[in-house]
Amino acid sequence: MKRSNAPKAPLKWDASDNDGSPLYAGVKQMILDRIQSGEWPPKHRVPSENELVAELGVSKMTANRALRELASEGELVRIQGVGSFVAERKGYSELFEVRNIAEEIDERGHTHQASVVVLAQETAAPDVADALGLPIGAPVFHSLIVHSENGVPVQIEDRFVNPEAAPGYLEQDFTAQTPNAYLTAEAPLSGSEHIVEAAMPQPWECKLLVILRTEPCLLIRRRTWSSKRAVSFARLVYPGNRYRLESRNGKMSDE
């Protein structure tokens, strides 16, 4: 993802204008003002903690809290060893609709990339066997894929597939098409189940998503069926500050 350089114009902020609020809140607002005015557009690198300390005369703790809270609120994306950047508008998924993440990203005018970490046949562990209605130890297909939007990881897709439902699964190039697209064509969807929860990332997930251990994630456990046969069981992990889910039901009117 191409990112712009740090601003050359000096930062202007007067702590006396902070109306008694904590200093970190004033620093946050100064950064937000520049983002909301368009002065700092998406992907723009914001000043580092050390730069904020030097230019604003605040403590490193104050600068850290301001940047950390803006990241947790989805205004910034912090990448270890690289810096903090103005976030693009969060991607989103329809909560009760099984959609192709590549299509969602394309609809936003962005670029989807997929990195295949695992694609292999394994034996079903008890939880996978239960989810797919198979005996423990039965053969299953396993894929682990990281989906990125404009070069930024937005989803880990950890999926187990019933070989009887999609026998050619391991032969597919999932950098060219998503498992969702392949399975929808191979075993048309007749039903789905979603369980949504907040979760702290595991160390290996932090590495794949390029996030800190302290950054919460959105976890979706999804099962799909075709003609009453379980097709796949997927564990989808999203960085909480890079994604959101939406659900709308029934008639709606702006009147």
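Nothing in this text is a laboratory measurement; each read-out follows from the coordinates by a stated rule. Since the model is a prediction, treat every value here as computed from it, not as a measurement. Using ideal geometry, Cβ is built from the backbone for each residue, glycine included, and neighbour counts are taken over all protein chains shown.
Of all DSSP beta bridges confined to the range 91-246, the antiparallel ones make up roughly 90%. Note on Glu193 and Ser59: the model spin-label points, each 7 Å out from Cα along the C-beta direction, lie 5.1 nm apart.
Entry for the range 15-86 at q = 0.14, 0.22, 0.24 Å⁻¹: log10 I(q)/I(0) = -0.38, -0.97, -1.15, Debye formula applied to identical alpha-carbon scatterers, no solvent contribution. About its Cα centre, the dipole of the range 15-86 is roughly 300 debye, where the only charges are +1 on Lys and Arg Cβ and -1 on Asp and Glu Cβ.
The simple spin-label model puts a point 7 Å past each Cα toward its Cβ; for Lys207 and Ile79 those points are separated by 1.9 nm. Stretching Gln177 away from Met200 to a fully extended chain increases their span by 5.4 nm, per 0.36 nm per residue minus the current alpha-carbon distance. Going by neighbour counts of Cβ atoms within 10 Å, the residues Glu149, Glu69 line up, fewest first, as Glu69, Glu149.
Annotation: amide H-H contacts under 5 Å for Trp40 (H modelled 1.01 Å from N, sequence separation of 5 or more, or interchain): Ile35.
Extension gain for Ser227-Leu32 works out to 65.2 nm (0.36 nm per residue, less the C-alpha to C-alpha distance). Label-to-label distance for Glu51 and Val117 is 3.1 nm, based on points extended 7 Å past Cα in the beta-carbon direction.
Fully extending the segment from Leu170 to Asp106 would add 20.5 nm, taking 0.36 nm per residue of separation and subtracting the current Cα-Cα distance. Using the Karplus relation 6.51 cos²θ - 1.76 cosθ + 1.60 with θ = phi - 60°, the per-residue 3J(HN,Hα) values for the range 152-166 come to 9, x, 10, 7, 9, 10, 10, 10, 10, 10, 6, x, 5, 7, 8 Hz, with x marking Gly and Pro.
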